[in-house]
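First comes the structure, then the notes that go with it.
The values are calculated or read from the model by the stated rules, or taken from the named source; none is laboratory data. What you are looking at is a predicted structure, and each value in this text was computed from that prediction instead of being measured. Backbone-built Cβ (ideal geometry, glycine too); neighbour counts: all protein chains shown. Keep in mind that these areas ignore ligands, DNA and RNA; they rest on the heavy atoms of the full protein, side chains included. Shrake-Rupley method; radii C 1.70, N 1.55, O 1.52, S 1.80 Å.
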Amino acid sequence: SSRESASQAAPPARPLGDLRGSAPSRRRGVMAEAEMAATGDSADATGADGLAQTASPTAQVASSGCAPGAVPVDFKAHHKVQINSRIKSVLSECTGPSFKDRANAASKEYRKRTKLVEDHQKRLIEEALARAKAKPTNSPFRDKSLTPATTEERYRVNSELRKQKERAFAQEAAETKQRLDTRKPIFDLSEVEAAFKECKKRQVAHRKELREDEERQWEHIRHLQQKVIDRPLLVENYHRPEHMRSLPELRLIPNHSKETVMETQILNGVEHKDFLESAWGKEVESIRERQNSRTPLSKIAYPPKVFPPKALGPRALMPIEVQMHAVTHQAWFQKSDWAEKVREIRQRMDDRPKLHEISYPPKH
């Protein structure tokens with residue numbers, strides 16, 4: 001029959017509970033099984049319709065699963081509702097609640113919490129209002145006579161006073177300006193000119209006094225210098241004691257020219273009679289005679305010393321000069337107009353007279 005052929009052609013379905021892997025893969029597997037089940041249901045419905053057309057009414061009732069004499073039920077719709085409910089239950093078990101379900105649950109929980117907060121705040125406000133209404137007012141009712149005047153009333157009352165003050169101020173300002181315009185200046189032009197002349201006279205007189213004072217000071221300095229030249233020195237009035245006049249003044253002898261103890265002992269030894277009569281004493285005397293009788297070195301004529309001329313070494317070139325020398329000796333530069341110009345300038349410099357050979361007129 002068509003039912004058996006459809007069941008044989010359809011591949012074996014995997015149990016819905018046997019789903020492994022991630023949630024997307026499980027969802028895809030469940031959807032594939034649902035499509036396969038719907039395909040099998042459509043094939044079953046097609047076969048059932050063919051059988052119903054050929055079979056008798058009793059056979060149709062028996063094939064639809066209803067009791068004889070009952071109203072036939074739409075097997076396809078009933079089967080689809082069962083499949084859909086089963087798919088939803090399996091998806092909810094495998095993947096959990098959907099985003100919409102989770103959002104609805106979260107919003108419901110949030111509304112519940114906010115409702116509690118709102119009720120608590122309303123209760124606090126009502127309690128505060130009740131406490132405020134229960135307290136009596138601290139300030140008594142103000143009488144109408146104590147009500148401050150408005151801006152318009154103050155303007156009407158003070159407008160006349162303000163106009164009087166404005167008129168008085170304008171009159172005072174006009175009088176002040178009149179006094180300033182007609183007042184006498186502190187100094188006249190003649191007085192100012194006389195003051196300047198007096199300042200100039202004082203400057204001239206002060207400069208004259210300074211010159212006279214300077215001349216007096218210089219005259220005093222010249223007088224002091226003349227007195228210093230004419231007065232006797234203190235050294236001239238110094239007299240040594242009688243017993244010290246024959247001895248040299250030791251304090252006047254510089255230290256570098258004073259005899260040391262060893263030199264004094266040597267001079268005393270060579271002047272002794274025993275040393276003068278000894279052979280070495282006679283030899284020293286002959287040496288001294290030869291030294292005294294020889295020609296002084298200052299009178300000996302010596303040939304002039306010839307100093308060899310010192311040749312100057314080559315001038316050390318700077319790095320920039322080396323680069324310029326390398327560039328100027330290239331062929332393209334030697335053939336340029338500027339190179340020709342440089343050679344002409346150098347020739348004129350070599351041909352001009354030397355500065356030390358030029359005779360200049362005497363300077364007056």
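Taking a straight line from the alpha carbon of Lys335, not one of the lysines sits under 22 Å away once near neighbours fewer than eight places off in the same chain are left out. Using heavy atoms of the protein chains and a probe of 1.4 Å, the accessible area assigned to Val117 is about 80 Å². What pairs in Lys80/Lys100; Lys258/Lys282; Lys88/Lys112; Lys200/Lys227; Lys76/Lys100 have C-alpha atoms more than 32 Å from each other? Table pairs above 32 Å Cα-Cα are Lys200/Lys227. Using a simple spin-label model with pseudo-atoms 7 Å out from Cα toward Cβ, Asn255 and Lys80 lie 13.7 nm apart. All other residues whose Cβ lies under 13 angstrom from that of Asn268 are scored, Lys and Arg at +1 and Asp and Glu at -1, for a net of -3. Near Lys200, once Lys and Arg are set to +1 and Asp and Glu to -1 for all other residues with Cβ below 12 Å from its Cβ, the sum equals +2. The solvent-accessible area of Trp218, taken with every protein chain present and a 1.4 Å probe, is close to 130 Å². In the full protein context, the stretch 242-321 carries 102 Å² of accessible surface per residue, based on a 1.4 Å probe and ignoring ligands, DNA and RNA. Highest-first packing order for the peptide set 125-132, 310-317 is 125-132, 310-317, based on the mean count of other beta carbon atoms within 10 Å.
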